[in-house]
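See structure below.
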Amino acid sequence: MRVSLIHNPTAGGGNVSRDRLIKLLRTMGYNPRYQSTKDPEFPSILDDLLDLAIAAGGDGTVTKVAVNLPESNPAIAIIPLGTANNIATDLGIIGTPEEIIQSWATASRQSFDLWTASGSWGRRLFLEGCGLGMLTLAALDMHHREISVSDPSEKLAIARHVLRKKVMECEPIAVSACLGDRVIEGHFLFLEMLNIGFVGPRLSIASKIDPTDRWLDLAYLEEEGRSALLEWLDTETTSTDIIPITFSRCQQLNLSWRKSPIRVGDDFFPETDFDNSQVPQQAEISLAPRTLTILTPKSYDN
């Protein structure tokens, strides 16, 4: 089996080194080629002869691997080393690197939908989702911060604190979303387009989202839900039943909005001057023709 290991050496504070990963994989019978996501030649290691692409890092690393796979579309194995690890958590990929590598011997091969977001920035593929409003503004705030802590749990706590502040001060944004023959219009605190149930600093804002069903789940919250969202963040309960989030589903949608960047994976468009723009931003979200294959534990049930 031809295996490539793609590793973000700074993920999770850099606590899992290249040498440790290679040693673990060789102990388990794999002989990987290695490339860092920081390598200027990345993704040269992802070639058409590949059988398995191992993504060792956070959600950004998984996305970088997924969108750069060759046409042969090899399977992806995830070793979650990041802060939130939303994709891995949603797929039930939890444990130490040793435990996760051991689980591949009996793993299932799970399909996973891939989506595209197109706009003035061009075209971007995404796995997790994309969004507008307070969750995006909080993520952008974290993106620009220089955070010295390396412990993922401490970094998650900081991210949730930043999000709570955004919930308190964020103004609703005007959005129009056309879902085929339906139109959703209003002023929302956030509008999230979800392929998985986790978003941001590992927040489970929706349950039973299936990343294999070729449908995108929309979740949006109006002004009257602000206090309930704050209560939910403060209590850290897993159930979002107390928040009046509205859900809808689509396979394609056209968006128009003002006064917020759009978050597509780990990217933001635009990163600056979105408050002052008088011209509505627009985007088209659609299902990509290619489906991913990801190794998941036998216990995973979507």
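Values in this text are rule-based calculations from the coordinates and carry no lab data. Keep in mind it's a predicted model, so treat the numbers as computed, not measured. Here Cβ is always computed from backbone atoms with ideal geometry, including for glycine, and neighbour counts include all displayed protein chains.
Descriptive notes on the structure:
- Note that region 100-139 shows a convex hull volume over its alpha carbon atoms of 126 Å³ per residue.
- DSSP bridge pairs, region 1-157: antiparallel proportion in percent, nearest 5: 25
- Per-residue ³J(HN,Hα) for region 62-73, Karplus 6.51 cos²θ - 1.76 cosθ + 1.60, θ = phi - 60°, Hz, x for Gly and Pro: 4, 5, 4, 5, 4, 7, 10, 5, x, 4, 5, 6
- Compared with the dominant Cα axis of the chain, that is its longest principal axis, helix 226-235 is turned about 40°.
- Structure-derived percent of Cα pairs over 24 Å apart - corresponding label in (1) 52; (2) 60; (3) 64: (1)
- Region 205-302: chymotrypsin sites (Phe, Trp or Tyr not before Pro) in DSSP coil with no more than 16 other Cβ atoms inside 10 Å: TRP215, TYR300
- Residues of type lysines that LYS259 reaches as a straight line, Cα spacing below 24 Å, ignoring anything fewer than 8 places off in the same chain: LYS165, LYS166
- Residue-wise HN-Hα couplings along region 180-186, as the Karplus relation 6.51 cos²θ - 1.76 cosθ + 1.60 with θ = phi - 60° gives them from phi, are x, 8, 10, 10, 10, 10, x Hz; Gly and Pro carry x.
- Backbone phi angles across region 86-98, fed through the Karplus curve with coefficients 6.51, -1.76 and 1.60 (θ = phi - 60°), yield HN-Hα couplings of 5, 5, 4, 4, 4, 8, x, 8, 9, x, 6, x, 4 Hz in residue order; Gly and Pro are listed as x.
- Qualifying trypsin sites (Lys or Arg not before Pro) in region 26-89, DSSP loop, other Cβ atoms within 10 Å at most 12: LYS38
- Over the C-alpha atoms of region 12-134, the Rg to Rh ratio, Rh being the Kirkwood estimate, stands at 0.96.
- Over the chain, relative contact order from alpha-carbon pairs under 8 Å, at least 6 apart, %: 22
- Gain on full extension, evaluated as 0.36 nm per residue between HIS161 and VAL149 minus their Cα-Cα distance, stands at 2.9 nm.
- Spatial separation of Cα centroids for region 81-103 and region 185-207, in angstrom: 21
- From largest to smallest, the equivalent ellipsoid semi-axes obtained for region 1-74 from the alpha-carbon gyration tensor read 18, 16, 9 Å.
- The C-alpha atoms of the chain define a longest principal axis, and helix 134-144 lies at about 50 degrees to it.
- Spherically averaged projected area of region 181-302 from its Cα convex hull (nm²): 9.5
- Relative to the dominant Cα principal axis of the chain, helix 152-169 is inclined by about 10°.
- Within straight-line cross-link reach of LYS208, lysines at Cα separation under 21 Å, skipping those fewer than 8 residues along the same chain: LYS298
- Trypsin sites (Lys or Arg not before Pro) within region 68-171: DSSP coil, no more than 13 neighbouring Cβ in 10 Å: ARG145
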